[in-house]
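The values are calculated or read from the model by the stated rules, or taken from the named source; none is laboratory data. This is a predicted model, so every value here is computed, not measured. Cβ placement follows ideal geometry from the backbone for every residue including glycine, while neighbour counts extend to all protein chains displayed. We work out accessible area using only protein heavy atoms, side chains counted, and drop any ligands, DNA or RNA first. Shrake-Rupley method; radii C 1.70, N 1.55, O 1.52, S 1.80 Å.
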Number of protein chains: 2
Amino acid sequence: MSVTIRDVAKRAGVSIATVSRVLNQSKPVSESLRKKIMKAVEETGYRPNAVARSLIHKRTGLVGVIIPEIYNPYFSGLVQGIESIAQQSGYSVMLAVSGKSVEQELEMLQIFQTRQMEGVILASSRWSREHRRWFTQAPMPCVIIGRPAGSLSSVCTAIIDNRKAAYEAVRYLIQLGHRRIGMIRGPKWDRASGEERYAGYRDALREADIPPRRQWVAVREEFQVIDGYQGMKQIAAAKEKPTAVFCACDRIAVGAMQYLEEQGVSVPGDLSIVGFDDEELARIVTPSLTTVRHQPFEMGVQAATMLTEQMLNQQKMGKEAVLPHQLVVRNSTAPPSE
Amino acid sequence: MSVTIRDVAKRAGVSIATVSRVLNQSKPVSESLRKKIMKAVEETGYRPNAVARSLIHKRTGLVGVIIPEIYNPYFSGLVQGIESIAQQSGYSVMLAVSGKSVEQELEMLQIFQTRQMEGVILASSRWSREHRRWFTQAPMPCVIIGRPAGSLSSVCTAIIDNRKAAYEAVRYLIQLGHRRIGMIRGPKWDRASGEERYAGYRDALREADIPPRRQWVAVREEFQVIDGYQGMKQIAAAKEKPTAVFCACDRIAVGAMQYLEEQGVSVPGDLSIVGFDDEELARIVTPSLTTVRHQPFEMGVQAATMLTEQMLNQQKMGKEAVLPHQLVVRNSTAPPSE
DNA sequence: CTGTTAGCGCATTCAA
DNA sequence: TTGAATGCGCTAACAG
């Protein structure tokens, strides 16, 4: 079916080695043969088979990327950043969406290995012992996004300081005068939004000697608008109400504001809301959202840069890139009314 | 470096053929050898090399996907739909982001060919003669999303009826009583938002015997919020003002609303706004946006389904899938105030 | 300069 | 059942 180097060689009346030489410019070839061969290539529409090439060079030029979902500006930002660097370094990206399933992720990692990826980037939320094992034995350089690699010394990570960022956001609320501060947090299995940001929230409370209140903390499994709505509903059911709520992400914050509007609670008049991520939504919603900005695209760029660096040097290393974040104050926060 | 089938064979004291047989279960192998081999596989951590396999079987199990950008819910929805079907059919996805450049897209298509993709999905906005040529000569099945394939009979397409959808949206405005209706359209090179939706807008005007007014049509090159802002600014500069503006996409609509709010023009009191896409934004913005809903995820699913069907049958075909759309009326539209 | 040959890692003939 | 040998498409080392 497909035209091979042999067909071209036959058509040009030369050996396949010569064809290979002109195509790769690896050795000088007489002008006359070169022309004949180029003509044959043209006529047959021959394209060298990258699979065969990979087999010889032991280089696929492939980078595997796993994300839990793509329909989320954080992850699509990551992917775009990764893709841009990969492309510009001559690598192609294999994208796999895990749907947050640990089993699927592990299967994808296996596939990446059999498919001879030269590098792997994982932006996962869940984590397991098998993950750890896979990364320790992985033959290719790896970068993990959004979660510290722990004691994995041969894996790079690109993260932000979620704990500190959350701490700063809540400290800001405290500085405004708030003492009754709730949080809608992510699930416990999500390191960033479930653990770290919650820890930062607790840090800020502790620093201000504010005892935490269980009823003011809602745990959500997802990061959709509806989760914010439900989370706020739950918190609002407490006898005593908070005057501010810190949300694990912008969508949750938006959902919380929707519930409050429905209930006739004014934001920020009666209750202040802080989000996290600063996605486009944050500027558009009314009132515009005070939130923590970070740059998923830049994170992807950093991750891919660390990866290509390792791939070039042909060796794994354990660098950690901590990207900046920044509290962006908009109109969803104000001093408490009392 | 990497452990090969040879290493396993040596360790188990058998031939590589036998190892291959137990791993693929292609021929019966005595239980004793099977055990020995499995043990050797376990101990060495051997993973079969998919590249070598591909070379033999002439099947890579790879699908190439090109999108102009991913940081846009329309395209990320597409990708997620495609990915889910591909995964479930045992294919892996190679993602390439073209940044809207024709040259880059063509280069990616070449790469896809040399990399032996078994199928290709293109969701592009721009189009060129070279595109056309590539798809006619392409050896693998292809699906084009968002643009009719024209006379390409061997390429599937997944589209919505942009013209009709736009027509219906503008007709709705006319039915509300509007006669002075503007449009912020996409660039001419974007078939969907630049040509078809504009054509639908003209269709509706024509049907109602409303002469089109040049000053009420703004052309934008991008689809960001800022484009809507600028586009609305341009239209607002006309001596006579329109009472409604149809926007080529939701982000543009949001930008338009932002400009209007700045200027103290009330929506929908003084001016009605209609968007297109019904992305999450549309429900969240204030006032919530009347817009045309369609389903990028479903579109991706359809595209990938048509592709896998062709890949299974090992032959190209020219089906066209037209996905449904639907006008969603929210709070950004009302009868004109006069 | 050019052609012949030996693999890359694996599946699959063909013999044994 | 098992092993040796062939070849997928291509590059690179070796002769000429």
(message) Charges at C-beta only: +1 for Lys and Arg, -1 for Asp and Glu. How large is the resulting dipole of chain B about its Cα centre, in Debye rounded to 20?
(response) 1400
(request) From the C-alpha gyration tensor of chain A, pull out the three semi-axes of the equivalent ellipsoid (sqrt of 5λ each), sorted largest to smallest, in whole Å. (result) 53, 19, 16
(request) Please work out the Cα center distance from segment B:246-299 to segment A:102-137, rounded to the nearest Å. (result) 41
(message) Quick one: the Cα spread of the protein assembly as shown along its three principal axes, in angstroms, biggest first?
(response) 81, 69, 46
(request) Mind putting a number on the dipole of the protein assembly as shown about its Cα centre? Charges go on the C-beta only, +1 for Lys and Arg and -1 for Asp and Glu, and I need it in Debye to the nearest 20. (result) 2760
(request) Kindly state, as a whole number, the per residue volume in cubic angstrom of the convex hull around the alpha carbon atoms of segment B:215-274. (result) 65
(message) Could you tell me what a quarter of the Cα convex hull surface of segment B:280-338 works out to, in nm² with one decimal place?
(response) 5.6
(message) Give me log10 I(q)/I(0) at q = 0.14, 0.18, 0.19 Å⁻¹ for segment B:82-147, Debye formula, one equal scatterer per alpha-carbon, no solvent.
(response) -0.40, -0.67, -0.74
(request) Leaving out ligands, DNA and RNA, calculate the buried accessible area for the pair B and A with a 1.4 Å probe, summed over both sides, in Å² to the nearest 100. (result) 4100
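Rank by packing, highest mean first: peptides B:46-59, B:118-131, with packing defined as the count of other Cβ atoms within 10 Å averaged across residues. All intermediate terms of the calculation are to be shown ahead of the outcome.
On the way: B:46-59: 16.5, B:118-131: 20.1.
Highest mean packing first, the order is B:118-131, B:46-59.
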(request) Convert each backbone phi in segment A:115-125 into a coupling constant with the Karplus relation 6.51 cos²θ - 1.76 cosθ + 1.60 (shift: θ = phi - 60°), then list the ³J(HN,Hα) values in order as whole Hz, x for Gly and Pro. (result) 7, 6, 4, 8, x, 9, 10, 10, 10, 10, 10
(message) What is the ratio of the Cα radius of gyration of segment B:123-188 to 2.2 N^0.38 Å, with N the residue count, to two decimals?
(response) 1.54
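Would you tell me the mean number of C-beta atoms belonging to other protein chains that fall within 10 Å of each C-beta in A:46-53, as a whole number?
Mean partner shielding for this stretch: 6.
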(request) Give the relative contact order (percent, whole number) for chain A; include only Cα pairs under 8 Å separated by 6+ residues. (result) 18
(message) Return the equivalent ellipsoid semi-axes of segment B:1-156 as a descending list in whole Å, where each equals the square root of 5 times an eigenvalue of the C-alpha gyration tensor.
(response) 42, 15, 14
(message) Given a 1.4 Å probe, show me the residues in segment B:114-132 buried by at least 50 Å² of accessible surface when comparing the whole protein assembly to the chain alone.
(response) B:T114, B:R115, B:Q116
(request) State in Å² the accessible area per residue of segment B:114-158; use a 1.4 Å probe, count heavy atoms of protein chains only, and round to the nearest integer. (result) 35
(message) Once neighbouring chains are kept in place and the probe is 1.4 Å, which whole percent of the accessible area of segment B:202-318 is contributed by carbon and sulfur?
(response) 47
(message) Quick check for me: using +1 on Lys/Arg Cβ and -1 on Asp/Glu Cβ, what's the dipole size of segment A:137-216 about its Cα centre, in debye to the nearest 20?
(response) 360
(request) In square nanometres and to one decimal, what's the mean projected area of the convex hull around the Cα atoms of segment A:95-242? (result) 10.1
(message) Considering the Cα positions of segment A:1-80, please state its Rg to one decimal place and its Dmax as a whole number of Å.
(response) 18.9, 56
(message) Averaged over its residues, how many other protein chain Cβ atoms are within 10 Å of peptide A:89-96's Cβ atoms?
(response) 5
(message) Give me the residues in segment A:55-72 whose solvent-accessible area, probe 1.4 Å, is reduced by at least 40 Å² once all protein chains are included instead of the chain isolated.
(response) A:L55, A:I70, A:Y71
(request) Would you please state which residues of segment B:146-182 a label at B:A208 would reach in this model, taking the label point 7 Å out along Cα→Cβ and a backbone N cut-off of under 11 Å? (result) B:168-182
(message) What do you get for the angle between helix B:197-207 and the principal long axis of chain B? Use alpha-carbon atoms, 0 to 90 degrees, nearest ten.
(response) 40
(request) Can you check what the net charge comes to around A:R53, using other residues whose Cβ is under 13 Å from the Cβ of A:R53 (Lys, Arg +1; Asp, Glu -1)? (result) +4
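Quick one: pull the percent of accessible area on segment B:71-180 belonging to carbon and sulfur, 1.4 Å probe, ligands and nucleic acids left out.
Values: 1860 of 3950 Å².
That fraction is 47 percent.
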(message) Give me the percent relative contact order of segment B:1-52, please, defined on Cα pairs under 8 angstrom at least 6 residues apart.
(response) 45
(message) Sort A:273-280, A:295-302 by packing, meaning the average of other beta carbons within 10 Å per residue, with the highest value first.
(response) A:273-280, A:295-302
(request) Report which residues of segment B:275-319 become buried by 50 Å² or more of accessible surface when going from the isolated chain to the complete set of protein chains (1.4 Å probe; DNA, RNA and ligands ignored). (result) B:E280, B:L281, B:I284
(request) At 1.4 Å probe size, with every protein chain present, just tell me what the per residue accessible area of segment A:222-338 comes to in Å². (result) 41
